[in-house]
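Everything on this sheet refers to the single structure shown next.
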Amino acid sequence: MASGWPRHPLLYEINTRIWVRELSADAGRRLTLDTIPVEEIERIAALGCDAIWLMGVWTTGLTAIRLARTDPGLRVDYRRALADLSDGDVIGSPYAVSRYQVSAELGGPAALSSLRAMLAGYGMRLVLDFVPNHTATDHAMLTETPLAYMRGTEDEIARHPEAFYRTRGGLIVAHGRDPYFPAWQDTAQVDYAHRPGRAAMLAQLQTVAAQCDGVRCDMAMLLLPDVIARTWADKLGENWVRESFWTEAVPAVRERHPDFLFIAEAYWEREWDLLQQGFDFAYDKILYDRLLRGDAAGVRAHLAAPPGCRDHLVRFLENHDEPRAAGTFGVPDGFGPALVTLLGPGMRLLHEGQLEGRRTRVPVQLGRRPDEPVDAAVRAFYARVLATLRDPTLRHGTFVPLEVRPAGEGDRTWDSLVAFAWREEGAEGRPCLVVIVNLRPEPAWARVPLGPAGFEPGRAYRLVDRLDGAVYARAGGEACEQGLFVGLRARQSHVLTVETE
């Protein structure tokens, strides 16, 4: 784990290009990263964020913009988000990077450096994207280091023109892809099976690391050797490098930047592999999917995993790739999943617009989004949760998954509940917070033993619900032995701060 970061940090993702555009409209003048109003930085800092992830700061080339504007399938997605779409709204994918330099529209490198210093003044770090699997089709590496790319043949480009392209210099290069989906035609695939590609991309990564405090590595599992073999088996030859790029790259970056943080976008249950190779945190899509299904038993099992993995996963209900949470999980009945992701262990990821209840997922190729009214119920809910998250125990304390037991013989409703607690660090750490969530649309009753959370039989406790203000007086003996009795309405939750009497 990178030193200097909280054990369980809060990360706030911002679609940078849309953010700056909207702030410019509000200001009545063109803004860049170095002229973001201080009031906006103070607003974000007041949320309690430990870091901001500025998504989409790098330079996107003209080829990627042209392809984004002419792809029929993408245009269908654009119109779902923007009914009054124009070509000017389509500004290309930020994941087809032509240069790891802040785009001129955002103010360039000096503007980013100024904003980073401002964030640091408010106790926040800066996270940026690194897209390791591929570059844009017009990246300078294609002329400077052509051996860094996965090359194709005349036969391959003739048979699969969607998967290969010809550069201006006449080289045939594969488009970036993963084993399960068609190629991304605005990208060029880097060859990690041989030294030139690895060396070139390590240099790019070092360039990124000099400009921020951490990186979110896009589709990081695509660089694992077995995935490379499965995707490109017929192009590797016998003497390809079978060691993971990450075991080389992470130490190299930390040699220059010891406190640097690595976040892996990861799928296919490869999170643990990437954590073992040096990443501090990895995406937790498993939890997302189980919450979406209302699979309380699966969520309980997931939160009971060994801390070495569990506490290093990124919990989210939405990001730029996933649908907006307010529409997907429901408002206000579906607030329980947000409590699991924000008050559980690991890195908590919030997506700009989530706190206001936005419902339109905007494709990353767009530079504008529709106006949407603020959902007052969503905003009030998140304000209460973020206030709870200010307790330092939830950043540095001990997470305790709790057992859920039947409230009575033959009752199965308990299986709809997820329960966990936080206590101060150490064997004698006092209990601080108990969270109980009903993930199902039916009432549920249960007993939840609180001894593992630090409750003691000889004490009396006062439990204050941060969601509705209700106060419960409970004896430690019953809470530890039979377990705290709870009865929850459909999708109701308790967030109980613990006081001793």
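The values are calculated or read from the model by the stated rules, or taken from the named source; none is laboratory data. Values in this document were obtained by computation on a predicted structure and should not be read as measured data. Cβ sites come from the backbone with ideal geometry, for glycine too, and all protein chains shown count toward neighbours. When the accessible area is computed, the model is the full protein with side chains, heavy atoms only, and any ligands, DNA or RNA have been set aside. Shrake-Rupley method; radii C 1.70, N 1.55, O 1.52, S 1.80 Å.
Looking only at the stretch 72-93, count every residue that is more than 11 Å from Leu366 (Cβ to Cβ) and among the small types (Gly, Ala, Ser) and tell me the total.
Count: 2.
Give me the residue from the stretch 330-365 that is of a type in the set (A, V, I, L, M) and closer than 27 Å to Glu442 by Cβ and, out of that set, surrounded by the fewest Cβ atoms within 10 Å (Cβ to Cβ).
Val331
Of these, Arg405, Arg430, Arg423, which one is touching a residue at least 24 places away in the same chain (Cβ under 8 Å) and surrounded by 22 or more Cβ atoms within 10 Å (Cβ to Cβ)?
Result of the check over Arg405, Arg430, Arg423: Arg423.
Where in the stretch 357-464 are the strands (runs of 3 or more DSSP E), entirely inside, with at least 3 residues that are in contact with a helix residue (DSSP H, G or I) (Cβ under 7 Å, 6 or more places away or on another chain)?
It comes to 417-423, 431-438, 444-448.
Does Gly327 qualify as being more than 21 Å from Ala51 (Cα to Cα) and either open to solvent by 30 Å² or more (accessible area, probe 1.4 Å) or of a type in the set (Phe, Trp, Tyr) (or both)?
Spelling it out, Gly327 is indeed more than 21 Å from Ala51 (Cα to Cα) and either open to solvent by 30 Å² or more (accessible area, probe 1.4 Å) or of a type in the set (Phe, Trp, Tyr) (or both).
In this structure, does Arg230 turn out to be out of contact with any Phe, Trp or Tyr (no Cβ under 9 Å at 6 or more places or on another chain) and of a type in the set (Lys, Arg)?
Considered against the rule, which asks whether it is out of contact with any Phe, Trp or Tyr (no Cβ under 9 Å at 6 or more places or on another chain) and of a type in the set (Lys, Arg), Arg230 comes out as yes.
Which of the residues spanning the stretch 178-203 are open to solvent by 10 Å² or more (accessible area, probe 1.4 Å), in contact with a helix residue (DSSP H, G or I) (Cβ under 7 Å, 6 or more places away or on another chain) and within 13 Å of Thr137 (Cα to Cα)?
Answer for the stretch 178-203, where residues must be open to solvent by 10 Å² or more (accessible area, probe 1.4 Å), in contact with a helix residue (DSSP H, G or I) (Cβ under 7 Å, 6 or more places away or on another chain) and within 13 Å of Thr137 (Cα to Cα): Gln185, Asp186.
I'm told Phe381 meets every condition in (1) in contact with a Phe, Trp or Tyr (Cβ under 6 Å, 6 or more places away or on another chain); (2) among the aromatic types (Phe, Trp, Tyr); (3) under 25 Å from Leu128 (Cβ atoms) except one. Can you identify the failing condition by its number?
(3)
Go through the stretch 467-489 and give me each residue that's closer than 22 Å to Ala380 by Cβ and within 34 Å of the chain's Cα centre (by Cα).
Selection gives Leu467, Asp468, Gly469, Ala470, Leu488, Arg489.
Of all residues in the stretch 441-466 being modelled with pLDDT of 95 or more and among the small types (Gly, Ala, Ser), which is nearest to the chain's Cα centre (by Cα)?
Top of the filtered list is Ala453.
Within the set of pairs 6+ apart or on separate chains, which have a first residue in the stretch 372-394 that is touching a residue at least 40 places away in the same chain (Cβ under 8 Å), a second that is open to solvent by 40 Å² or more (accessible area, probe 1.4 Å) and not hydrophobic (A, V, I, L, M, F, W, C), and C-beta atoms under 7 Å apart?
Ala377/Pro332; Phe381/Pro332; Arg384/Arg466; Thr388/Arg466; Thr393/Glu424
Taking the stretch 288-325 only, how many residues are closer than 24 Å to His396 by Cβ, assigned to a helix (DSSP H, G or I) and in contact with a Gly (Cβ under 8 Å, 6 or more places away or on another chain)?
Adding up the residues that qualify gives 2.
Checking the conditions here, which among Ala2, Ala81, Ala27 is touching a Pro at 6+ places or on another chain (Cβ under 9 Å) and at pLDDT below 95?
Within the list Ala2, Ala81, Ala27, the selection yields Ala2.
With the requirement that a residue be open to solvent by less than 30 Å² (accessible area, probe 1.4 Å) and closer than 19 Å to Ala407 by Cα, what does the stretch 452-479 give you?
Answer for the stretch 452-479, where residues must be open to solvent by less than 30 Å² (accessible area, probe 1.4 Å) and closer than 19 Å to Ala407 by Cα: Gly476, Gly477, Ala479.
Are any of the residues in the stretch 300-312 open to solvent by less than 20 Å² (accessible area, probe 1.4 Å), touching a helix residue (DSSP H, G or I) at 6+ places or on another chain (Cβ under 6 Å) and touching a residue at least 40 places away in the same chain (Cβ under 8 Å)?
no
Among the residues of the stretch 156-172, count how many are under 34 Å from the mean Cα position of the chain (by Cα), open to solvent by 30 Å² or more (accessible area, probe 1.4 Å) and under 19 Å from Met141 (Cα atoms).
1
Do we have Val486 as in a strand (DSSP E or B), crowded, with 21+ Cβ neighbours inside 10 Å and β-branched (Val, Ile, Thr) here?
yes
With the checklist (1) open to solvent by 40 Å² or more (accessible area, probe 1.4 Å); (2) within 22 Å of Gly397 (Cβ to Cβ) in hand, flag the one item Gln276 doesn't pass.
(2)
Looking at (1) open to solvent by less than 30 Å² (accessible area, probe 1.4 Å); (2) at pLDDT below 95, find the lone condition where Leu417 falls short.
Only one criterion is unmet by Leu417, namely (2).
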